[in-house]
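**Q** Below are the structure tokens for one structure; questions will follow.
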Amino acid sequence: MRTPIVAGNWKMFKTIAEASDFSANVSKAAPIAGVEQVICAPFTTLPALSELFKGTSIALGAQNMHYAENGAFTGEISPLMLKELGVKYVIIGHSERRQYFNETDETVNLKSKAALQHGLLPIICVGETLAEREAGKTEEVVRVQTEAAFAGISADQAKTVVVAYEPVWAIGTGKSSSSAEANETIRYIRQVIASLYGQETADQVRIQYGGSVKPDNIASYLQESDIDGALVGGASLTADGFLQLVAGASGK
Ligand code: PGA
């Protein structure tokens with residue numbers, strides 16, 4: 001039994017004041033059981049949110065990190081720094097980082113291993129571009145990305161990893177993948193994980209769908225056999241939106 005997980009990815013949105021408002025509004029609502037809830041916030045808001053989310057059902061996540069514990073890496077943040085703030089999850093290899101910040105399958109692997117070594121749970125993003133999809137390469141792309149990301153990760157560690165399947169063409173575009181198609185690709189990703197670790201381990205790995213998930217379509221994804229949650233950008237920015245997403249996932 002995999003507990004559904006809804007993670008908000010705030011990207012480069014929200015000052016500390018805005019993040020505090022979000023927290024105050026979410027705290028007023030009645031808690032929703034049965035869904036793990038995560039907000040992946042900008043680095044600058046993490047110290048405040050770490051305090052504000054204490055005693056709530058929201059776990060804190062970051063959106064990136066370096067793989068080294070420390071070093072001469074100007075502008076980077078290390079796993080130790082995230083741990084110190086009570087961060088639980090960290091998004092690794094989001095397509096925006098792959099596209100704009102030179103993230104590669106190799107750095108995704110290094111970062112995922114480093115996160116696990118430091119007790120952080122990676123949310124590893126995979127997904128094809130529109131051109132790759134149109135060329136019929138979706139499965140090949142997600143297989144290569146998944147195999148590379150998990151290289152050198154033990155089966156015990158792998159069980160704790162969250163994978164987010166995010167077709168690049170669906171992110172921030174309002175064009176979401178159909179739930180049936182997303183489920184098919186996610187089942188395929190689970191098969192890839194099974195080929196690495198065996199079915200028992202693969203059955204424990206949670207795989208989210210991401211890309212234009214909204215309060216009014218999240219339930220259709222979550223009702224699919226292999227979709228265990230959602231990674232949500234735009235629709236997670238308001239407290240109301242986030243709460244509706246969690247409520248929509250709670251029927252699973
Ligand atoms: P979106 O972003 O929900 O705004 O499409 C998803 C993501 O980038 O994780």
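**Q** What does the highest-first list of 167-173, 34-40 look like by mean Cβ count within 10 Å?
**A** The most tightly packed comes first, giving 34-40, 167-173.
**Q** Give me the one-decimal Kirkwood hydrodynamic radius in Å for segment 121-252, with the sum taken over alpha-carbon pairs.
**A** Here the Kirkwood hydrodynamic radius works out to 14.8 Å.
**Q** If we count every other residue with Cβ under 14 angstrom of residue 93's Cβ, Lys/Arg +1 and Asp/Glu -1, where does the sum land?
**A** Neighbourhood net charge equals -3.
**Q** Helix-only estimate, please: 222 nm mean residue ellipticity of the chain, summing -39500 (n - 2.57) across DSSP H runs of length 4 or more and dividing by its residues, to the nearest 500.
**A** It lands at -12000 deg cm²/dmol.
**Q** Grab the other residues whose beta carbon is less than 14 angstrom from that of residue 168, score K and R as +1, D and E as -1, and report the net.
**A** Working: positive: 97, 98, 133, 137, 175; negative: 96, 103, 128, 132, 134, 166.
Result for the local shell: -1.
**Q** Would you mind working out the accessible area per residue for the chain, using a 1.4 Å probe, and quoting it in Å²? Let's see the in-between values first.
**A** Working: 11010 Å² over 252 residues.
Averaged over the residues of the chain, the accessible area is 44 Å².
**Q** Still on this structure, please answer the following. Could you identify which residue out of 216, 21, 203 has the top mean-square fluctuation in a GNM of the chain using Cα springs shorter than 10 Å?
**A** 216
**Q** The chain: D in µm²/s via Stokes-Einstein (Kirkwood Rh, Cα pairs, 20 °C, 1.002 mPa s)?
**A** Estimated diffusion coefficient is 119 µm²/s.
**Q** How big is segment 40-94 on each of its three principal axes, counting only the C-alpha atoms and giving the largest first in Å?
**A** 36, 21, 15
**Q** With the calculation restricted to Cα positions, what are the radius of gyration and Dmax of segment 90-149 in angstrom?
**A** Computed over the Cα atoms of segment 90-149, radius of gyration and Dmax are 12.0, 39 Å.
**Q** Still on this structure, I have one more. Loop only per DSSP, at most 10 neighbouring Cβ atoms within 10 Å: give me the chymotrypsin sites (Phe, Trp or Tyr not before Pro) in segment 94-154, ordered by residue number. All intermediate terms of the calculation are to be shown ahead of the outcome.
**A** Numbers: sites: 100, 101, 150; in loops: 101.
Qualifying residues, ordered by number: 101.
**Q** State the extension gain, in nm to one decimal, for the chain segment bounded by residue 20 and residue 54, taking 0.36 nm per residue of separation less the distance between their alpha-carbons.
**A** Here the answer is 11.0 nm.
**Q** Starting from 0.36 nm per residue, how many nanometres of slack lie between residue 187 and residue 2 once their C-alpha separation is accounted for?
**A** 65.2 nm
**Q** How big is the convex hull of the Cα atoms of segment 1-56, per residue, in Å³?
**A** Hull volume normalised by residue count: 84 Å³.
**Q** Tell me the carbon and sulfur percent of the accessible area for the chain, rounded to whole percent, probe radius 1.4 Å. Present the calculation step by step, with values, prior to reporting the outcome.
**A** Details: 5770 of 11010 Å².
About 52 percent, which is the carbon plus sulfur part of the accessible surface.
**Q** I want to check the label-to-label distance for residue 12 and residue 88. Put each point 7 Å from Cα in the C-beta direction and report it in nm to one decimal.
**A** 2.9 nm
**Q** Scan segment 146-228 for trypsin sites (Lys or Arg not before Pro) in coil per DSSP, keeping those whose Cβ has at most 12 other Cβ atoms within 10 Å, and list them by number.
**A** Taking segment 146-228 and a limit of 12 other Cβ atoms within 10 Å, the loop trypsin sites (Lys or Arg not before Pro) found are 175.
The values are calculated or read from the model by the stated rules, or taken from the named source; none is laboratory data. Since the model is a prediction, treat every value here as computed from it, not as a measurement. Don't worry about glycine lacking a Cβ; one is built from the backbone with ideal geometry, like all the others, and counts go over all protein chains shown. The area values use the complete protein model at the heavy-atom level, side chains included, leaving out ligands, DNA and RNA. Shrake-Rupley method; radii C 1.70, N 1.55, O 1.52, S 1.80 Å.
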